[in-house]
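Below is one structure, written out as structure tokens, with a few remarks after it.
The values are calculated or read from the model by the stated rules, or taken from the named source; none is laboratory data. Since we're looking at a predicted model, the values are computed, not measured. Cβ atoms come from the backbone with ideal geometry, glycine included; neighbour counts cover every protein chain shown. Accessible surface areas use protein heavy atoms only, side chains included; no ligands, DNA or RNA. Shrake-Rupley method; radii C 1.70, N 1.55, O 1.52, S 1.80 Å.
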Amino acid sequence: MAESNAVEIRDVVKVFGFGEFAFSAVDHASIAIRKNEFFTLLGPSGCGKTTLLRLIAGFEYPTSGEIILNGEDIGTMPPFKRPINTVFQSYALFPHMTVAENIGFGLTMLGRPKQEVRDRVAAMLKLVRMEKLADRRTSQISGGQQQRVALARALAPKPKVLLLDEPLSALDYKLRKDMQIELKRLQAETGITFIFVTHDQEEALTMSDRIAVMSAGKILQVDSPRAIYDAPADRFVADFIGETNFLRGRIGSVSDGIAQVDTPMAGRVSATLPRDFVAEGDVTVVLRPEHAALCAADEPSGCQTTGTLENIVYFGTDTHYHVRLGDGETQFMLREQNKPLQRQRLSVGDRVGIRFEPNAARVLRN
Amino acid sequence: MTQPGTIEAERSRDIRKRWLLSLPALLIVLLAATGPLLIVLLYSFLTPGPYGDVLWKASPDGWIGVFLEKDIFTETLSLADAHVSIFVRSVLLSLATTVVTLLFGFPTAYFIATRPERTRELWLLLITIPFWTNLLIRTFAVLQIIRNEGLINTLLMKFGLIERPIQMLFTDGAILTGMVYVYLPLMVLPVYANLEKLDFRLVEAAYDLYATPFRVLTKIIIPLAKPGLIAGSILVFIPALGAYVTPSILGGGKNLMLGNLIELQFGQGRNWPLGSALSITLMLIVTVALLVYVRNVGSQEKRHG
Ligand SMILES: Nc1ncnc2c1ncn2[C@@H]1O[C@H](COP(=O)(O)OP(=O)(O)OP(=O)(O)O)[C@@H](O)[C@H]1O
Ligand SMILES: [Mg+2]
């Protein structure tokens, strides 16, 4: 149903430059972003996240394709006519105005009556907990406060869609965590569709309803955080989101959506097949580090494979073990949760066995 | 370990040394800047000599002559209409010059500031090229264009748009044209320096918040470019008020401005005290204008802060 979509991007291409310098920053991208959704664009630096956001905001016009808002193609509509607001990475607060004037700017430009603007500004100040600083110049408030003013300024005109381009990247770790919660709260309270850009996969996983993973201008996968993490569509997504072990192998047998894959490094691995995927021949199997565990190397019956412990990294909540497998080339990573009063029982150079959680491995589409 | 007492003593010695070292510079600045001014001030209270120069006899006539006129026969004082009209014309023409250079200079500066970084220098160079030529020559060039047998009139007649040449030379319009041409770079450069620093992401933010291009200009770009606009206005208004060469060539000695009036007193008029008094009056006008301008802008800043 078209009406349940806040924004729909249909086969959008954005080319910068001409002739031999032509370069597609966004390459045939199609996404349907639903109403009231916290939608995240995730991808490495330079993959075209900002460009896609600027296309939606209207700062760039698509080379081809359509951007649909309320059933209408807004591809070439100027930004001041789109009911879409942006929270800029640099905040871009107006330095010659106070906090309150900044927040009221959009409504004033829309020609709303003065009283309405005042009331709305007061409500927004309250929403972002900045009442006390209403009359400050924007240069006289902290980075976190500027961030909240930028947010309030973009929310004040009640846009249909709010675009956020890495709004938290300039904040320190603690403040970023606080603001993540704050953003979720604001999205729930206002019911506005958020399109959020980040290259921080943890941020994307914790905050989003759905995530679009981008690479080199292409949309690789659009799914819920859990699906993206558990069932990555391809090697890039699997590698980019979280840490992953890749094992090459050959399909032995398939039954009930579970494939038996023969791998040179770890023997026969039972792996879940993607839905509607006809697997045959050579495939790649992925396994998350937390879905494997160490076992004693001298009782190989219970272990999937063995190897030499190469590195131990302590992380507080858990410990990462890097194991060089039998072929001497593949490095396997696994993660074990730390228990209280646990003493370190292994050291680098030890021979260890690795056990796989049953059916946790997945066959990649390609 | 140094005792507190010696620190005090050292500091005062240090301060004395600093004063001593800067004394020559201070003396030069004082003498060079205020010396001539003081002489002008002194001359304005003396009696004119028969062949120029001054007689060492105190007289208020110089100052009286600024705005008043003594009838030779009846010895009664009346308002010096000629002087008043020259003052008014000077201020109006200078204001007009400032406004017109603003109207042309701002878009020009904006255009240059929005060019790719590499080509900006070329544009700036083009703006400053007139500076390489002597003011006199530039003014005569304008004269060549607007005189009755000049470029514009010749072309217009050739195309049959007019039958007789339009009298453009020796009018206030001619002076204004010349001054705008001469002072335009003084407006463009400070405005450009300001716009070049402007964060164009703010412009995008304003567009995003429903500001039309016109609103972006009036609400964001102009307020942020204000320091440059003010600096440019000052740089144009002050020299325009005292302009001499341009009005004397393009105004043809008929339409005088303050600069010409002052020159007249030191030359043909042989009335140095009046010339001195006029000079100081000009300076006072500039000072008052500046004070009003800066005060207004300053209070606006405070309202925001
Ligand atoms: N105006 C432009 N002209 C030419 N190339 C551009 C322009 N804007 C962006 N690009 C190019 O398009 C690609 C995508 O840029 P974009 O800013 O969208 O990346 P991003 O995903 O936001 O990266 P980051 O995470 O570093 O912000 C980059 O290779 C960039 O160099
Ligand atoms: Mg970006």
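Being open to solvent by 90 Å² or more (accessible area, probe 1.4 Å) and either in contact with a helix residue (DSSP H, G or I) (Cβ under 7 Å, 6 or more places away or on another chain) or in the same structural domain as B:Pro273 (by TED's automatic domain parsing) (or both) is the filter here; which residues of the range B:25-66 pass it?
B:Phe45
Listed here are the residues, each with its yes/no results for (1) in contact (Cβ under 8 Å) with a residue 60 or more places away in the chain; (2) away from ligand 2 (no atom under 16 Å from the Cβ); (3) in a helix (DSSP H, G or I).
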{"residue": "A:Ala6", "(1), (2), (3)": "yes, yes, no"}
{"residue": "A:Ser30", "(1), (2), (3)": "yes, yes, no"}
{"residue": "A:Ile33", "(1), (2), (3)": "yes, yes, no"}
{"residue": "A:Thr40", "(1), (2), (3)": "yes, no, no"}
{"residue": "A:Ile56", "(1), (2), (3)": "yes, no, yes"}
{"residue": "A:Tyr61", "(1), (2), (3)": "no, yes, no"}
{"residue": "A:Ile67", "(1), (2), (3)": "yes, yes, no"}
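Given the conditions (1) within 16 Å of ligand 2 (Cβ to nearest atom); (2) open to solvent by 20 Å² or more (accessible area, probe 1.4 Å); (3) touching a Pro at 6+ places or on another chain (Cβ under 9 Å), and given that A:Asp200 satisfies all but one, which numbered condition is not satisfied?
Failing condition for A:Asp200: (3).
When you go through (1) in contact with a helix residue (DSSP H, G or I) (Cβ under 6 Å, 6 or more places away or on another chain); (2) within 16 Å of ligand 1 (Cβ to nearest atom); (3) open to solvent by less than 10 Å² (accessible area, probe 1.4 Å); (4) of a type in the set (A, V, I, L, M, F, W, C) one by one for A:Val149, which number turns out not to apply?
Only one criterion is unmet by A:Val149, namely (2).
Give me the helices (runs of 4 or more DSSP H) completely within the range B:203-305, filtered to those with at least 3 residues that are open to solvent by 30 Å² or more (accessible area, probe 1.4 Å), ordered by residue number.
B:213-216, B:222-241, B:258-266, B:272-304
Would you be able to tell me the number of residues in the range B:134-165 that are under 21 Å from B:Tyr181 (Cβ atoms) and of a type in the set (Phe, Trp, Tyr)?
Going through the range B:134-165 one residue at a time, the tally reaches 1.
Can you tell me which residue is least open to solvent (accessible area, probe 1.4 Å) among those in the range A:166-176 that are over 25 Å from A:Lys126 (Cβ atoms) and within 16 Å of ligand 1 (Cβ to nearest atom)?
A:Glu166
Looking at the range B:183-202 only, could you name the residues that are open to solvent by less than 30 Å² (accessible area, probe 1.4 Å), within 30 Å of A:Ala154 (Cβ to Cβ) and part of a helix (DSSP H, G or I)?
B:Asn194, B:Leu195, B:Leu202
Among the helices (runs of 4 or more DSSP H) contained in the range A:177-258, which hold 2 or more residues that are within 16 Å of ligand 1 (Cβ to nearest atom)?
A:201-207, A:235-240
Among the listed residues A:Arg118, A:Arg129, identify the single one that is more than 9 Å from every other protein chain (Cβ to nearest Cβ), assigned to a loop (DSSP other than H, G, I, E, B), open to solvent by 60 Å² or more (accessible area, probe 1.4 Å) and not small (Gly, Ala, Ser).
Within the list A:Arg118, A:Arg129, the selection yields A:Arg129.
Looking at the structure I just gave you, is A:Ile56 at pLDDT 95 or above and within 14 Å of chain B (Cβ to nearest Cβ)?
So A:Ile56 passes the test.
Given the options A:Phe88, A:Phe94, name the one that is open to solvent by less than 50 Å² (accessible area, probe 1.4 Å), facing chain B (nearest Cβ under 10 Å) and at pLDDT below 95.
Of A:Phe88, A:Phe94, the one residue that is open to solvent by less than 50 Å² (accessible area, probe 1.4 Å), facing chain B (nearest Cβ under 10 Å) and at pLDDT below 95 is A:Phe88.
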